[in-house]
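Here the structure is laid out as structure tokens; the discussion comes afterwards.
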Amino acid sequence: MNTKTRFSKILALITAVLMLIPSIAVTGFADTNSTSDAKQFTDVKGHWAENDINDWVAKGLVSGYEDNTFKPDNPVTRAEFVTFIDRSFKLTQTTDISFKDVKLSDWFYADIQKAKASNLIDGYNDNTVRPNNPITREEAAAIVVRLLKLQPSSQDVLKSFKDLSQISDWSRNSVNAAVANGLLAGYGDNTLGPTKQITRAETIVLLNRALIEQSKQTSAVSYDKAGTYGPETGTSTINSDVLISAPDVILQNTIINGNLLIDKAVGNGNVTLKNVTINGTVTVNGGGEHSIVFDNCILAKVVVRKEDGKVRVVAQGSTKADSVSLQSGAKLEEDNTTDKGFSNVTIEGTLPAGTEIVLSGNFDNVKVNVPGVSVSVASGIVNNITVSDTAKDAKIDIAEGAKVSILEANVAVSVTGKGSIEIANINANGVTIEQKPANTNIASGVTATIGGQNVTVPSTGSTGSTGSGISGGSNNLSQNLLDFFDEGSPYIGVFGSNYIEFFINKPKFNGRIYSIAKLPNNTKPSIDELIKQSYGYDVIVKDRASVISKRNLNANTNYKIYYLVADTYGNPLSTIFELDAKTAPIEINSDLSISTMGLYSNFNVNINNTKNGIKYDNVKIQYDVWSNYNLPISTNDISLQYNDNGKWFDVPMYERTTYNEVYGTFGPTEGFTVSDNYNETTKFRVRVNKVNQYYVYIDLYDSSNYNSKLIGSYFGELDVQPMSFNCNGFDDFVAGEENQFSITAKTNNVTDDVYALYKATLTVADTTYGTTYDDTYGVPNQVIYYKVGDSWQPFTTDSGGVAYFGPASGFNINQIGLNDGITTIFKATIANPGNYKLQLELVNAETKQTLSTPTTIMFTVKTKQ
């Protein structure tokens, strides 16, 4: 049977988690009807905290208002602030409270209980907590310092602020610690504003930094000594955050399912990552001008925040970073990259005027949001540079030999250099461009200086020209497809049951496409309606083929696809174009969604013929499974089975390694028949041995003829997650004393009837407080107790520091996925001080085969005082 080749990978859907604030919260803070779609907020774009706000909204930690605003500069009350902390830090412990101004019926009652239990608030002398009073910046800093248990800093970092005298005596140590640890920053006028009311935006940024600090303190795997870490061959996985706090660290062949912090303790030293995938955020707070190097790495997001702005960040080989946020000065370079490298760069945050950014390489999009910064395009090509309306007086220098395809200026900006500009779109007065772009579009009523020539376009919308490619009145929208696409493009490529894909071969522009699918009898949308109802857009790169998918459609239904072309900033360039399409006749549905790595998860596939009078006699089902993030997948990584009369049978799987795809065909050799009123559900189960996001197509073919006609196709996503271990109580180990700690294990959607045991491997560095964790040896004969009911059961490590524990026959792994998982309490007395490593995993109780990705906890046993 011929099988079709998919032409693209679909971006992973981001699903929101619980909103931070309940629907009964004070008006304007957050509610269940408010939007969590950051791109719709009318008051966030260009805001100094835009990146952090969008990140929290995407994670579902905070929301906006019904009028599509976020109100980032609104003040936050004391109750709202502790609620932010409660939900983002997931506080659980509660205590009784008797504050006179907090009632049981108040929406924040439980949050105040948790804040009190965590010693974050004490209340006032009159036994009030004043929950509805705005909270100041110094009060917020004091709470966060208590939350993180930060020690007073020996360095006085407050003396340089002009309003030092406004800091209260009671908060001075806390504010100093917050500033010293990078949690709280001052304003551009060199003030700290300790008595100012903290805003929603400032609260999010403060707590975001606090979350990073907490991960550094607790769960992070730490590399604080020069050396090479990670296996020579193969790949290891770390299911926690990682901290690098020493220069000359090389980390290789590792997958990090968490964040990576390159700490300021690296100083001006070097850090190199080789063949490392980081599914969280990389934050660069340290490193010098010789450099932070990413070699053959996959990076979801990079944030550069070096205090002195002197850091060089380099992408080599097949490195791909989807998003880079420059929040300090930096040199960003691509060195012989074979993939996208640093494709999308945003310069944002609060930066001093004159901050220098140097870009060398090929970049898709560079967005400048900060006023007064100096951006140098030293070499290579930038497809789009957008200077937002918040970046007044920014300076852009394009060096000789460098090229900018599209420059968009939405505020007064100075552009210099001998490099070339293909298109300059000028939408504000005061723009000066030293060189002459090949084409310059100036908005109506705007005056600019181009190549030493002053040009003013009348506000009537007429066209002004100097004869050198300069024109005005660029608001006219093209109605001609050939202005943007080759002849015959776009076209409908795949007619699925719940989706339609349309293909673009070689677009002639860099920008966006907004698109929606509507029933033919629905009213054609306006441009504003189309953009709003698209709930996002597809990025288009000139000369690069693209596939756009419209999902959540009904089978056997006619649709009109409406779409328009916009520039990289979202400004429409075209009128609305249309495509006619019809989904496949056979309806396919499935509940496939989430699974735990290495364990089977059941799912159902329902096939329903919604079209009478047709018959397909030789039908087969094909599964296509695509791996996201360019991670390879093979038939060794996946097992797919179907259930027939209570027994499970394998679906043979095959590989297409070029596309990171595996596929398999299900059904009898002669196929099966689908005719009128056919409606059948088949039970399947899948096991995937790699953590990742996978795209799954369930295709239904009529194989009666040579071409194998597609009669139905379902698109879904499979999120394969590691078994999670949440560990507490490792912060206060003292040699020779009994210490208690707990471990919570959690799975997702596991249907295996497998009985498991814990496997623990306890090792210690070869010198007291040694930090080279790769050079450790097992701790033999260590007795550890775990609690069963009211009694304690012992287990003892062997000569290699390994022990198995749990019920004699193991525990059913199904139970781990219920509610909040299974929590086990332990106690142990470790005789000798030092730096220890505890590796935890689940194994089959009978075969001892590993069932989960190992989780590593680094902890220190201190000397008894």
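Here's the yes/no breakdown for (1) open to solvent by less than 30 Å² (accessible area, probe 1.4 Å); (2) more than 19 Å from Ala448 (Cβ to Cβ):
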site	(1), (2)
Ala391	yes, no
Gly401	no, yes
Thr416	no, no
Ile421	yes, no
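Report, by residue number, each residue of segment 531-550 that is farther than 29 Å from Val382 by Cα and either assigned to a strand (DSSP E or B) or touching a Phe, Trp or Tyr at 6+ places or on another chain (Cβ under 6 Å) (or both). Steps first, answer last, please.
So in segment 531-550, the residues farther than 29 Å from Val382 by Cα come out as 533, 550.
Matches in segment 531-550: Lys550 only.
Of all residues in segment 715-728, which are assigned to a strand (DSSP E or B) and either modelled with pLDDT of 90 or more or among the hydrophobic types (A, V, I, L, M, F, W, C) (or both)? Outline the logic, then answer.
Step one: list which residues in segment 715-728 are assigned to a strand (DSSP E or B), which gives 715-721, 724-728.
Matches in segment 715-728: Phe715, Leu718, Val720, Phe725, Cys727.
On the basis of being within 20 Å of Asp52 (Cβ to Cβ), in contact with a helix residue (DSSP H, G or I) (Cβ under 8 Å, 6 or more places away or on another chain) and either part of a loop (DSSP other than H, G, I, E, B) or not aromatic (Phe, Trp, Tyr) (or both), does Thr346 make the cut? Reasoning before the result, please.
Working: within 20 Å of Asp52 (Cβ to Cβ): yes; in contact with a helix residue (DSSP H, G or I) (Cβ under 8 Å, 6 or more places away or on another chain): yes; either part of a loop (DSSP other than H, G, I, E, B) or not aromatic (Phe, Trp, Tyr) (or both): yes.
So Thr346 fits the description; yes.
Enumerate the strands (runs of 3 or more DSSP E) found wholly within segment 203-281, keeping only those where 3 or more residues are free of Cβ contacts under 8 Å to residues at least 60 places away in the same chain, out of contact with any Pro (no Cβ under 7 Å at 6 or more places or on another chain) and open to solvent by less than 30 Å² (accessible area, probe 1.4 Å). Full working, then the answer.
Numbers: elements: 221-223, 227-229, 236-238, 242-244, 249-256, 260-262.
The qualifying strands (runs of 3 or more DSSP E) are 242-244, 249-256, 260-262.
Looking only at segment 116-156, how many residues end up being of a type outside the set (Ser, Thr, Tyr) and under 13 Å from Ser174 (Cα atoms)? Write out each step before concluding.
Residues of segment 116-156 of a type outside the set (Ser, Thr, Tyr): 116-117, 119-123, 125-127, 129-135, 137-152, 155-156.
Retained after the next criterion (residues that are under 13 Å from Ser174 (Cα atoms)): 120, 137-152, 155-156.
The number of residues fulfilling the criteria is 19.
With the condition kept exactly as written, say whether any residue in segment 69-81 is closer than 21 Å to Val205 by Cα, aliphatic (A, V, I, L, M) and at pLDDT 50 or above. I'd like the intermediate steps shown before the answer.
Within segment 69-81, the subset closer than 21 Å to Val205 by Cα is 69-81.
Okay, now just the ones that are also aliphatic (A, V, I, L, M), so 76, 79.
After this cut, where a residue has to be at pLDDT 50 or above as well, the list is 76, 79.
Scanning segment 69-81, I find at least one residue that is closer than 21 Å to Val205 by Cα, aliphatic (A, V, I, L, M) and at pLDDT 50 or above, so the answer is yes.
Check Thr128, Thr94 and return the single one that is in contact with a Lys or Arg (Cβ under 6 Å, 6 or more places away or on another chain), closer than 22 Å to Leu207 by Cβ and in the same structural domain as Leu148 (by the TED database).
Details: Thr128 fails: closer than 22 Å to Leu207 by Cβ.
Answer to the check: Thr94.
State whether one or more residues within segment 840-858 are modelled with pLDDT of 80 or more, open to solvent by 40 Å² or more (accessible area, probe 1.4 Å) and either acidic (Asp, Glu) or part of a helix (DSSP H, G or I) (or both).
Yes, segment 840-858 contains at least one residue that is modelled with pLDDT of 80 or more, open to solvent by 40 Å² or more (accessible area, probe 1.4 Å) and either acidic (Asp, Glu) or part of a helix (DSSP H, G or I) (or both).
Kindly indicate whether any position in segment 492-505 is surrounded by fewer than 15 Cβ atoms within 10 Å (Cβ to Cβ) and at pLDDT below 90.
The initial filter retains those residues of segment 492-505 that are surrounded by fewer than 15 Cβ atoms within 10 Å (Cβ to Cβ), namely none.
Within segment 492-505, not a single residue is surrounded by fewer than 15 Cβ atoms within 10 Å (Cβ to Cβ) and at pLDDT below 90.
Looking only at segment 133-147, count every residue that is open to solvent by 10 Å² or more (accessible area, probe 1.4 Å) and either at pLDDT below 85 or in a loop (DSSP other than H, G, I, E, B) (or both) and tell me the total.
Of the residues in that region, 1 qualify.
Can you tell me which residue in segment 69-85 is surrounded by the most Cβ atoms within 10 Å (Cβ to Cβ), limited to those that are within 23 Å of the chain's Cα centre (by Cα) and not β-branched (Val, Ile, Thr)?
The residue in question is Phe70.
Output the qualifying pairs, or none if there are none: Cβ atoms under 7 angstrom, residues six or more apart or on different chains, first residue in segment 363-382 and farther than 19 Å from Lys45 by Cα and modelled with pLDDT of 95 or more, second residue in a loop (DSSP other than H, G, I, E, B) and aromatic (Phe, Trp, Tyr).
Final answer for the pair search is none.
State whether the residues of segment 301-309 include one that is within 13 Å of Val282 (Cβ to Cβ), open to solvent by 40 Å² or more (accessible area, probe 1.4 Å) and assigned by the TED database to the domain that holds Asp263.
Yes: one or more hits.
Specify the residue that is farthest from the chain's Cα centre (by Cα); the eligible residues are those in segment 565-591 that are at pLDDT 85 or above and buried (at least 22 other Cβ atoms within 10 Å of the Cβ).
Once the filter is applied, the top-ranked residue is Ile586.
The values are calculated or read from the model by the stated rules, or taken from the named source; none is laboratory data. Just so we're clear, the structure is a prediction, and the values are computed from it rather than from any experiment. Glycine gets a Cβ as well: all are built from the backbone with ideal geometry, and neighbour counts include every protein chain shown. Accessible surface areas use protein heavy atoms only, side chains included; no ligands, DNA or RNA. Shrake-Rupley method; radii C 1.70, N 1.55, O 1.52, S 1.80 Å.
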